[in-house]
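Please read the structure below before turning to the comments.
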Amino acid sequence: MLHSCETPGLLPIQAAISNMLKNVHPVSESEWVDIEEALERVLAEDIISTINVPPADNSAMDGYALRHKDLIENNQLTLVGTALAGAPYNAQVSAGQCVRIMTGAIIPEGADVVVMQENTNIHDKQVTFQQIPKLGNSIRRAGEDIKKGQVVIEKGTQLTPAYLALIASIGISEVAVIRRVKVGLIATGDELTPPGEALVEGAIYESNRYALTALLSTFAVEIFDFGIIKDNKEQLKTTFEQAGSHCDLVISCGGVSVGEADYVKEILDQLGQINFWKVAIKPGKPFAFGQLNNALFCGLPGNPVSSYVTFETLVTPLLNQLCGAKIKERPYFIARAACTIYKRPGRADYQRGIFYRDDNGELVVKPNGKQGSGIMSSIANANCYILLGQDSGNLEQGNTVKIQPF
């Protein structure tokens, strides 16, 4: 059902994402890298462990290793040695004996329980135990974390710091990863000036490439910055040809609207194809997707908030698939509106908001001031998106709404 004059000709967000993903073929070339260089890279092969982790039964705390049945008969045992992490006690624990053991040390042969040191007293190598723990207490079993032959991490996983630690824990020093995706960035517009230069009348500082470069840093990509290109059709066409022949994905900012100097759509018609160029999203309606020579193409709006929102919402799933990574749904929470949130039906609205706990501990949210597509402070000073559906109208105070934390 159409609720607004904004809706005709606009592609719903999920339809836009589905259209893009149908046309994305993941990069398949791989390379081997040291794990020190593997952060944010995408695994090309499963990681399979060749060892147990831990490799042997070991103590979970500092204390005494002993035979459980001995404590049932006697609360005092004789200390016969010490087991350290990396320096095990190599004799057998016999009846009436115990071994001082440190966290991580291998459980001596014959012992089947560890009693924490706080529950003991020692005098002249005689250890008195104040309680009888369960059999197997405070023992980490061999293979308890990872078993030999187990698939530890599946291919397609983007490697986080925790995954790198996991890989190192099984003795692997290098991994096969998908090569970095080549992403070209282009900013278009006569009015754009690089930061650090003096502004002339009518000019503004270009900021989109800085935001996009930072957003792209969390992906396994290699960025090629083609800089600011003025509204010159031939110069734009030459730059787009270079980017399209060199990159896997080209992202431009600006020039996809319907102004007289907006040439991106026209050039894309000449050099490739356009799948769609209007999406039912606010901010960010003039978003283009298509093919540019050998590369995929995403044309983001020029307004900084629109550029930021469309990258996070539309480009992110495309990039995940292009990088060979598993596509994950971004989490959301339900909060109550702390005030009336205004919206017209017709486009899904990603309002920038601030969520917090009220005096009753309930999650509430409010818009972060003015929501104009040129007001970058609305994102910089917010901590979430307020997700308002395409067909929804105003949201009254107290009603529930989805929020997506930054």
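Read-outs: derived from the displayed coordinates by stated rules, not from any lab. Everything quoted here is computed from the prediction, not taken from an experiment. Methodologically, a virtual Cβ is constructed for each residue, glycine included, from the backbone with ideal geometry; neighbour enumeration extends over all protein chains shown.
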Got a sec? How would PHE129, PHE406 order by Cβ neighbour count within 10 Å, fewest to most? PHE406, PHE129
Give the aspartates and glutamates whose C-alpha is closer than 20 Å to that of LYS230, dropping any in the same chain fewer than 8 places away, or say none. ASP190, GLU191, GLU197, GLU201, GLU206, GLU241, GLU260, ASP262, GLU266, ASP269
Nearest 500 deg cm²/dmol is fine: what mean residue ellipticity at 222 nm does the chain get from its DSSP H runs of n ≥ 4 alone, each adding -39,500 (n - 2.57), divided by its residue count? -5000 deg cm²/dmol
Mind pulling the angle between the C-alpha long axis of helix 13-22 and the longest principal axis of the chain? Nearest 10 degrees, somewhere in 0 to 90. 80
Within a 10 angstrom radius of the beta carbon, how do CYS339, CYS298 rank from fewest other beta carbons to most? CYS339, CYS298
Mean Cα-pair separation over length for the stretch 55-175, i.e. relative contact order, pairs under 8 Å, 6 or more apart, %: 29
Express the relative contact order of the chain as a whole percentage, based on alpha carbon pairs under 8 Å and six or more residues apart in sequence. 17
If each Cα of the chain is one equal point scatterer, what is log10 of I(q)/I(0) from the Debye formula at q = 0.08, 0.12 Å⁻¹? -0.63, -0.96
Cβ neighbours within 10 Å, averaged per peptide: list 237-246, 299-308, 92-101 in order, most packed at the top. 299-308, 92-101, 237-246
Suppose R0 equals 30 Å; then what is the FRET efficiency for LEU135 and GLN76 from their Cβ-Cβ distance, rounded to the nearest 0.05? 0.95
Residues ASP57, ASP358, sorted so that the one with the fewest Cβ neighbours within 10 Å comes first: ASP358, ASP57
Rg/Rh of the stretch 58-140 (Cα atoms, Kirkwood Rh), to two decimals, equals 0.91
Which of the aspartates and glutamates could a cross-linker bridge to LYS69, judged by Cα under 16 Å and excluding same-chain residues fewer than eight apart? GLU109, ASP112
What is the gain in length, in nm to one decimal, between ALA214 and ASN381 on full extension, counting 0.36 nm per residue of separation less the C-alpha to C-alpha distance? 58.4 nm
At R0 = 51 Å, FRET efficiency that the Cβ-Cβ distance of THR340 and ASP46 yields, to 0.05: 0.50
Compute the relative contact order of the stretch 297-406 as a whole-number percentage, counting only Cα pairs closer than 8 Å that sit 6 or more residues apart in sequence. 34
Here the gain from full extension of ALA56 to MET116, 0.36 nm per residue of separation minus their alpha-carbon distance, amounts to 19.6 nm
If r is the Cβ-Cβ distance from LYS233 to ALA198 and R0 is 41 Å, what FRET efficiency results, to the nearest 0.05? 0.90
How far, in nm, would the chain grow between ASP225 and PHE406 when pulled straight, counting 0.36 nm per residue and subtracting the alpha carbon separation? 62.6 nm
Taking the Cα-to-Cβ direction at ALA15 and at LYS69 and moving 7 Å from each Cα, how far apart do the two end points lie in nm? 7.5
